[in-house]
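In what follows, a structure is listed as structure tokens, so that the remarks can point back to it.
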4 protein chains.
Amino acid sequence: MLGSGFIGRFYADSIQGYRSQDKVVSIYSRREESARKFAEDYAVPFWTTTMEEAIARPEVDIVCISLPNNLHEEAVMLCCKHKKAVMTTKPLGRNAAEAKRMLEAVEAAGIFNGYLEDLVYTPKFIKAEQSVRNGALGRILWAKSRETHPGPHSDWFWDLEQAGGGCILDLGCHCVEITRSYIGKDIKPVEVMCWADTQVKPIEAEDHAIGLVKYENGAIGQFEVSWTFRGGLDLRDEVMGSEGTIWINSFLRTGFDMFTTGKGGDYVAEKAESNTGWLFPVGDELNELGYNHMFMDMFNALEKGEAPKETFYDGYVVNAVLDAAYRSAKSKLWEPVNLEVWRGREGVGKDSHLIEWDADHYLVKEEMTHYGAKKLILKHKVSGAFIQKVLE
Amino acid sequence: MLGSGFIGRFYADSIQGYRSQDKVVSIYSRREESARKFAEDYAVPFWTTTMEEAIARPEVDIVCISLPNNLHEEAVMLCCKHKKAVMTTKPLGRNAAEAKRMLEAVEAAGIFNGYLEDLVYTPKFIKAEQSVRNGALGRILWAKSRETHPGPHSDWFWDLEQAGGGCILDLGCHCVEITRSYIGKDIKPVEVMCWADTQVKPIEAEDHAIGLVKYENGAIGQFEVSWTFRGGLDLRDEVMGSEGTIWINSFLRTGFDMFTTGKGGDYVAEKAESNTGWLFPVGDELNELGYNHMFMDMFNALEKGEAPKETFYDGYVVNAVLDAAYRSAKSKLWEPVNLEVWRGREGVGKDSHLIEWDADHYLVKEEMTHYGAKKLILKHKVSGAFIQKVLE
Amino acid sequence: MLGSGFIGRFYADSIQGYRSQDKVVSIYSRREESARKFAEDYAVPFWTTTMEEAIARPEVDIVCISLPNNLHEEAVMLCCKHKKAVMTTKPLGRNAAEAKRMLEAVEAAGIFNGYLEDLVYTPKFIKAEQSVRNGALGRILWAKSRETHPGPHSDWFWDLEQAGGGCILDLGCHCVEITRSYIGKDIKPVEVMCWADTQVKPIEAEDHAIGLVKYENGAIGQFEVSWTFRGGLDLRDEVMGSEGTIWINSFLRTGFDMFTTGKGGDYVAEKAESNTGWLFPVGDELNELGYNHMFMDMFNALEKGEAPKETFYDGYVVNAVLDAAYRSAKSKLWEPVNLEVWRGREGVGKDSHLIEWDADHYLVKEEMTHYGAKKLILKHKVSGAFIQKVLE
Amino acid sequence: MLGSGFIGRFYADSIQGYRSQDKVVSIYSRREESARKFAEDYAVPFWTTTMEEAIARPEVDIVCISLPNNLHEEAVMLCCKHKKAVMTTKPLGRNAAEAKRMLEAVEAAGIFNGYLEDLVYTPKFIKAEQSVRNGALGRILWAKSRETHPGPHSDWFWDLEQAGGGCILDLGCHCVEITRSYIGKDIKPVEVMCWADTQVKPIEAEDHAIGLVKYENGAIGQFEVSWTFRGGLDLRDEVMGSEGTIWINSFLRTGFDMFTTGKGGDYVAEKAESNTGWLFPVGDELNELGYNHMFMDMFNALEKGEAPKETFYDGYVVNAVLDAAYRSAKSKLWEPVNLEVWRGREGVGKDSHLIEWDADHYLVKEEMTHYGAKKLILKHKVSGAFIQKVLE
């Protein structure tokens, strides 16, 4: 490297941060055809349709579980048996009981365990979370995450037995961990209210749901999930704090707009539901959706013998929140979050935020009106009466 | 007019649609100073601090009530007494009981009554509602409206007795009528779940709330309201239908971005919480917020002897929904909407929307994958099993 | 009006600002069928295919010329003859010679003359211009206006003889007046460089052009115009000042996004080139494109006996700039703007903007780097050497 | 890897695509302090203030030049001497003569040479270019690239001798290569018109410039560059084709909006000119600005013994275009691009794009009017007359 200035540093950051030294060495699939094709496409030296065989091989350092939800537990138990580090796609279990068994098993076996919640590893989320932790938004009051699209890719998602649930489990697991991370992973989620319905799809599970998660410190989490959304993938977070706001859009309208009549060629845009008219492509999906930063964290943690940012414990907490959401959707009540394992803080109350204006008054609000004056709303400390005061 | 082509028509539409023939002829205010100043600023020939005097004057064709919520009923009753047409700012009453008394009084008196819900008259809403009515979105599944800002302008809003409520009543009345209009004003709202809290402000009323309103046909309405939002006025609607989506932003980020260091002059942007950095001014607030189209509808309806789009009946329905929201925020239950007066349809069920793929299967979903193939998810009509099929 | 507070003022502003008292009383069209239809649609009592007849009628207070460009001069001369106030659609003439004859004629006749340049009357422009005049952007360095779409509506636009030019004349007239207004209408445009080509359409005139307009004070105006743009109407302005930036989008992406599969109904969106997929409707075109505020200014000025914001003089200056653009497109040289009539300032030079840092240095720049330090770039006053200084 | 489905593939793509195997092994800086700090921060085993020493070390596979412009040639010549593969930051030379000497030297030495033009490697650009190559936009008519910000980071940029130019050379080199890539790197740039001025900064070089680059096939490139922009980094491309449009925003407003009062903490946003109010952070700058994909291409090409996407030849073409821009800014004429070395196509003319409507007419345009009719503009093949036809 010649030059150590601004651009030299940019270059070095990038050179030393890319081009993988990590390789897939063994692939298992339930169907031979699928295993064989994957092995071919990704130059994987070994393939099999026997799960244990894939796991047990000596060259395997860490097992990555990207199977349907109903197979997670079996795969995790095999990793425990063979003492292999393991990372599992989201959600961890189909419910908190499954998740708890997996959590206890990996901890008993003493193996590395990572929970592949990619959406708390997106570049935007990482930067936003830093700002929140640094206090840029003050006290967090509300965090909402929305993930909606026209439905999942594979058949098993639609089957209640294999999937364990509908869009709440499939998409809500992202939203719960995102909002929990903004509010603080050490703050306890206490109860959940959820509406869910099957509005459009010919399935038993829910295809649309909205939920509220109350935290011990008075903050509120919200998820909006659906498999009935039309127009592509909608992936947005909003956070309100006493001193600021964050809006994140992770997919549509992120700086790339394209119009095409479709006459010019055979172009097809991904997930866009159409290939003519105005389209909103995403440049580098893997990076925007957090995969790169997620695996970097997992592998770095594994090498250092540390826990990654997201572990099976986090997966378990998410499952416990979603269980409460499912119960609430049926009972129509606020349902408590049952957390038999809880490692965060307890008894965190609401902060007081009275702002003193003068000896007699608290400040309620100050504002510029549309006719140009500065207006104060004050509350008398003793009488509680509200007055307004216009300053020129 | 010379020329009757494209531009001639544009010009004529505008020429015949603007520059008011309507004048304020009488102004009442509780404070003399305020009445006098208003009369001066708007060239109003008569001012008074006696409400009945303002109403009774013969040159008054219609009375416009823009008073604190606790004075609406008194003012309406005086209009009934003097048989004056009346239009009232939102919300109609502090609760459904007040609203119902006003509704019954104006109907008994046989006078014109208009409900000044400006946000269903914004140019964007009007066009969006048309699209929805024309079927562009298919069956409406969900409609959300969000209005949040750093708190209202005048002292009385903050006083629970005068206002009758906090941000649910102040902002939720907009959101309920907006979402109800998307879903269909003839569809009955049946129950409400609401979370509310006082998170930041030193007041008794709620400063933040989220509510769900279930409609008889299975559609779901949602409101998000707050007086604690930082960053200006956030006014957005979202609608999901089985065939489409609408997103409306009525304030921030609507095509006008400005950065200023603040060194250049004394510029102050309204409601923006700051006058330096990136600001998002709105060109013509009156028009963007629906006032122009609202009064045009009111006056045109009055002249034709017809009801306007929004009447006291609508104000009453909104109050009934909000009453249920307040009850729910306390009881933590889904609370029924008590509508003693209901003039819409009854017993509207959910539509079935099974799409037949072939003799044996329903279509669940079709999609383009990120590796370029077209994939179908199908459900077997008899067995209920899900299969996927890849078409090249 | 009951109540004189915040909302009462909003209501009054709107009530007294809308619902027209102005009516079209006489309509002329070259084709009888067209005149008759217009009269019917807009309830116009008199129609004719004889231009002078339409103008001469005693009930006509002001004549609005919305004819093809080649008929403007004839119509203006008839207005002069009958001493009728006149307002003319843009561009004023097909060239500066025509425009100058019209300007001199209306001034000799002493009649009111308005130039219907609607895009300097859009709500966004009006507010932006105010900010610029108040100094929010400091000294204006550059102002660009872009108007592109897939081509005009009527046959005569495409005919060089009737139109007098292609997209430079049709769209550039807007852009020149917009940028000139940002830079200052009293600052003299001195020379123009323009590229123009006929890239797509089977016509003699240009269908795409880019031009630069140099002003006496060193500011630069820019226009980008095209009839070949795909994706609807693109209407954007950008302004750079020494202390700030303005970006205005007047059409696409202004807070209204709609996705529709098109299965739901027969909805058609205007100017959108498609009626399925993602569409970007505009709520109230008349208002967003400036027509309402333009005619309000015209009629108010007429009643007060004053000149409107835009007169034939402005139309003439625009034509002179566009003439230089056409000459430049052919000569490939910077062409001088020939302004035989100029009523603004003369000899305005460039301001100096040296910022002193300390006794020995000027400040070139201060900045926060991506690794968190504050960095200054300074220039030595005598030696001219540049140094950087990092402040922790 | 367990599971080879949709998510398994996503994971594998990411796992095998990240976490670098590439390391900086030797660092040279002109200042010892700076070299030492870099070595420490990036764990570089060897540092020196002697350029040749850094290059000559046996463990160096490729030399990365990130030095001020005036030192590029010297560094390149040393790489030739030691037969080391080399990649150089942009611009390649201070002018085409320097660039040509470097190009000829590396080719004579037979060494790998890469031109570090990161902005044609951004994820958005890569995807957009693919769409363009696949025909989604039809024939490319115009490509514009804009890069403006409040000025560069280091002192040497501001010094004309070291930098070789102002914002044209610093930023225009990006814009020229971006637009050239959209139009087609095998299409010859033929002439350039450029306006440049020093409007704000106390420097000899230009701080603001706008240029047009004409290509042999009639397409037009445009660059807008400035060191006087206020509001952060503005990095946008626009492309118009006969069948579509692309708009790319690479920095501001890409899906991450944050408002902060600044009271909550010490947060500082990069390049944002302020740390309160509305800010627009970018999640992962290195990726968004193209560095990751650029080095991946460079190293992969080096390993395979192929040329990377961007070589010294491209750097030379860019310098030749910029030389013409500088000449034009002085001469005020369209200046020819002098390309003594040209390896693309020659004599590419403009395509004809007449669309036949019927035996007698060409189609000029079809459109939906705002009053709901479908209108055609046709041109008679023989007479050239334009007619319009309304289809119901």
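List of remarks:
Each row is one residue, and each column tells you yes or no for (1) at pLDDT 95 or above; (2) more than 17 Å from residue A:223 (Cα to Cα); (3) not charged (D, E, K, R).
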| site | (1), (2), (3) |
| --- | --- |
| A:291 | no, yes, yes |
| A:297 | no, yes, no |
| A:302 | no, yes, yes |
| A:307 | no, yes, yes |
| A:324 | yes, no, yes |
| A:336 | yes, no, yes |
| A:345 | no, yes, no |
| A:350 | no, yes, no |
| A:353 | no, yes, yes |
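- Members of region A:244-279 that are of a type outside the set (D, E, K, R), within 20 Å of residue D:123 (Cα to Cα), at pLDDT 75 or above and open to solvent by 20 Å² or more (accessible area, probe 1.4 Å): A:249
- For the residues D:375, D:389, the requirement of being surrounded by 17 or more Cβ atoms within 10 Å (Cβ to Cβ) and within 10 Å of chain C (Cβ to nearest Cβ) singles out D:375.
- Scanning region B:320-352 for residues that are closer than 20 Å to residue B:142 by Cβ and open to solvent by 60 Å² or more (accessible area, probe 1.4 Å), we see that the one that is farthest from the chain's Cα centre (by Cα) is B:352.
- Some residue of region C:147-167 being within 12 Å of another protein chain (Cβ to nearest Cβ), in a helix (DSSP H, G or I) and closer than 22 Å to residue C:307 by Cα: no
- Test: residue in region B:168-180 that is of a type in the set (A, V, I, L, M) and open to solvent by 10 Å² or more (accessible area, probe 1.4 Å): no
- Members of region C:201-216 found to be of a type in the set (Val, Ile, Thr) and crowded, with 24+ Cβ neighbours inside 10 Å, listed by number: C:210, C:213
- For region A:120-142, the condition of being among the charged types (D, E, K, R), open to solvent by less than 20 Å² (accessible area, probe 1.4 Å) and in the same structural domain as residue A:254 (by TED's automatic domain parsing) holds for at least one residue.
- Number of positions in region B:188-217 that are over 18 Å from the mean Cα position of the chain (by Cα), assigned to a loop (DSSP other than H, G, I, E, B) and under 30 Å from residue B:345 (Cα atoms): 2
- Residue pairs whose Cβ atoms lie under 6 Å apart, separated by 6 or more positions or on different chains, with the first residue in region A:236-252 and facing chain D (nearest Cβ under 8 Å) and touching a residue at least 12 places away in the same chain (Cβ under 8 Å) and the second buried (at least 22 other Cβ atoms within 10 Å of the Cβ) and aromatic (Phe, Trp, Tyr), are A:244/D:259; A:245/D:259; A:248/D:256.
- Look at (1) open to solvent by less than 20 Å² (accessible area, probe 1.4 Å); (2) more than 30 Å from residue D:292 (Cα to Cα); (3) aliphatic (A, V, I, L, M) and you find that residue A:355 fails only one, number (1).
- Residue satisfying all of: in region C:26-38; touching a Phe, Trp or Tyr at 6+ places or on another chain (Cβ under 9 Å) and more than 8 Å from chain B (Cβ to nearest Cβ); least open to solvent (accessible area, probe 1.4 Å) among these: C:32
- Looking across C:241, C:221, C:231, one residue alone is crowded, with 24+ Cβ neighbours inside 10 Å, modelled with pLDDT of 85 or more and touching a Leu at 6+ places or on another chain (Cβ under 6 Å). It is C:241.
- Number of the exception - residue C:152 against (1) over 28 Å from residue C:350 (Cα atoms); (2) open to solvent by 10 Å² or more (accessible area, probe 1.4 Å); (3) in contact (Cβ under 8 Å) with a residue 12 or more places away in the chain: (2)
- Listed by position, the strands (runs of 3 or more DSSP E) enclosed by region A:44-115 that each have at least 1 residues that are surrounded by 24 or more Cβ atoms within 10 Å (Cβ to Cβ) are A:62-65, A:85-89.
- Selection within region D:286-298 - in a helix (DSSP H, G or I) and open to solvent by less than 20 Å² (accessible area, probe 1.4 Å): D:287, D:291, D:292, D:294, D:295, D:298
- For region D:39-65, taking the residues that are without any contact (Cβ under 8 Å) to a residue 24 or more places away in the chain and touching a helix residue (DSSP H, G or I) at 6+ places or on another chain (Cβ under 6 Å), the one that is nearest to the other protein chains (Cβ to nearest Cβ) is identified as D:42.
- Residue satisfying all of: in region D:271-304; touching a residue at least 60 places away in the same chain (Cβ under 8 Å) and at positive phi; nearest to the chain's Cα centre (by Cα) among these: D:290
- Odd one out for residue B:197 among (1) in contact with an Asp or Glu (Cβ under 9 Å, 6 or more places away or on another chain); (2) open to solvent by less than 10 Å² (accessible area, probe 1.4 Å): (2)
The values are calculated or read from the model by the stated rules, or taken from the named source; none is laboratory data. What you see is a predicted model; the values in this text were computed from it and never measured. Virtual Cβ from ideal backbone geometry, glycine too; neighbours counted across all protein chains shown. Protein only, heavy atoms only, side chains kept; ligands, DNA and RNA dropped before computing areas. Shrake-Rupley method; radii C 1.70, N 1.55, O 1.52, S 1.80 Å.
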